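Structure first, commentary second.
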Amino acid sequence: TPLIARGLWQRSRAQGAAPLNVIACENLPGAGAYLRHQVVSAAPIDQAMAVDAIAGFSAAITRRIMTGGHLEDGELRFTVSGSPDLVIDAQGLKHPFPGLTGVTLTDEFGAQLLRKLYLLNGAQAVAAYLGHREGCRLLHDAVAHPRVAPVVRDALCEAREALTAEFPHHAADIACDAAQVIGEIANPALDDTVSRVAREPRRKLGPLERLVGPARLAHKHELPGDNLCLGIAAALAYDDPADADAAALQAAIAAEGVATVLTVECGLLPHEALARAVKQQWLNMTQGNVWQEVNR
């Protein structure tokens, strides 16, 4: 962000310079506002107002899954699936915005982000955290695992119903998105790994993130959320020694207790029914590995 701030400052000094939009493509609620805060804060005090005036800050999402990143014949190669469309939040942009092929501007970015985060990323997370417990290395193997697959499917259904209750005017689009998810994450051509999807569990356990977010939404609308709670418990139990964030999470649980971690990381207070349900699943999982007994 200091480099972005410096570039925007230089642009602001040019006579007649047009505004420049800076867009964060990130699975983070409020990414545009967060980016603006970081960039403007990174500018020296005497430059901050000019940086803010010349720039628009917004967010974007894509449903594409990208894996790989390995060198082959001197080139960096990735495997990419899904539609190339990029959806950009119209709020925060400076106009005129150039016409770009494959780009859609929307005034309902929040709903679109939650649809992607709670359905696609949520199902990925449930598959990864439970797949890790079953010794799966690849995500498509986890999705096909006889114990994991039903939970992924039912957690996806719970997230779909919660989103539909919250955004009834998006019902058809939510149903369409949900219908594509299993096929997308089960694609063996992606060669996606459980460790990639599961990494940094503390961030992915945030109150508005891919697991706790839809569980809270289901609870708000008095809808079932047992399988989402199971996914949260599996994330809390994720103990890959190669993942520093997972190690820190396990250390925090050992030192402070799972109830405290649920409050600090997930925003779930101990007296809440959702927190109690997750804690019970976590106890079942870590003490007896009986997570398959969730009601479906």
With respect to Ile185, is the statement that it is touching a helix residue (DSSP H, G or I) at 6+ places or on another chain (Cβ under 6 Å), at pLDDT 95 or above and open to solvent by less than 40 Å² (accessible area, probe 1.4 Å) true?
no
State all residues of the range 11-40 that are more than 23 Å from the chain's Cα centre (by Cα) and either surrounded by 13 or more Cβ atoms within 10 Å (Cβ to Cβ) or within 13 Å of Ala60 (Cβ to Cβ) (or both); if no residue qualifies, say none.
Arg11, Ser12, Pro19, Leu20, Asn21, Val40
Identify, from the list Ala172, Ala178, Ala165, the residue that is aliphatic (A, V, I, L, M), surrounded by fewer than 14 Cβ atoms within 10 Å (Cβ to Cβ) and assigned to a helix (DSSP H, G or I).
Ala172
Out of Pro207, Pro146, Pro150, which single residue is outside any helix (DSSP H, G or I), out of contact with any strand residue (DSSP E or B) (no Cβ under 6 Å at 6 or more places or on another chain) and farther than 15 Å from Gly122 by Cβ?
Pro146
Scanning the range 181-204 residue by residue, those outside any helix (DSSP H, G or I) and within 19 Å of Arg63 (Cβ to Cβ) turn out to be Ala186, Asn187, Asp191, Asp192
Flag if Arg216 is closer than 22 Å to Ala234 by Cα, at pLDDT below 95, outside any loop (DSSP other than H, G, I, E, B) and open to solvent by 10 Å² or more (accessible area, probe 1.4 Å)
no
Looking only at residues in the range 269-286 that are in contact with a Lys or Arg (Cβ under 8 Å, 6 or more places away or on another chain) and under 17 Å from Leu228 (Cα atoms), which one is modelled with the highest pLDDT?
Leu274
Restricting the first residue to the range 15-31 and requiring it to be within 16 Å of Gln112 (Cα to Cα), which pairs with a second residue that is open to solvent by 60 Å² or more (accessible area, probe 1.4 Å) meet a Cβ separation below 7 Å and a spacing of at least six or different chains?
Leu28/Tyr34; Pro29/Leu208
Specify which of the listed residues (Leu119, Leu113, Leu130) is open to solvent by less than 20 Å² (accessible area, probe 1.4 Å), within 23 Å of Gly206 (Cα to Cα) and more than 16 Å from the chain's Cα centre (by Cα).
Leu130
Tally time: how many residues in the range 53-76 are at pLDDT 85 or above and surrounded by 10 or more Cβ atoms within 10 Å (Cβ to Cβ)?
10
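The values are calculated or read from the model by the stated rules, or taken from the named source; none is laboratory data. Here the structure is a predicted model, which means the values were calculated and not measured. Here Cβ is always computed from backbone atoms with ideal geometry, including for glycine, and neighbour counts include all displayed protein chains. With ligands, DNA and RNA removed, areas are computed over all heavy atoms of the protein, side chains included. Shrake-Rupley method; radii C 1.70, N 1.55, O 1.52, S 1.80 Å.
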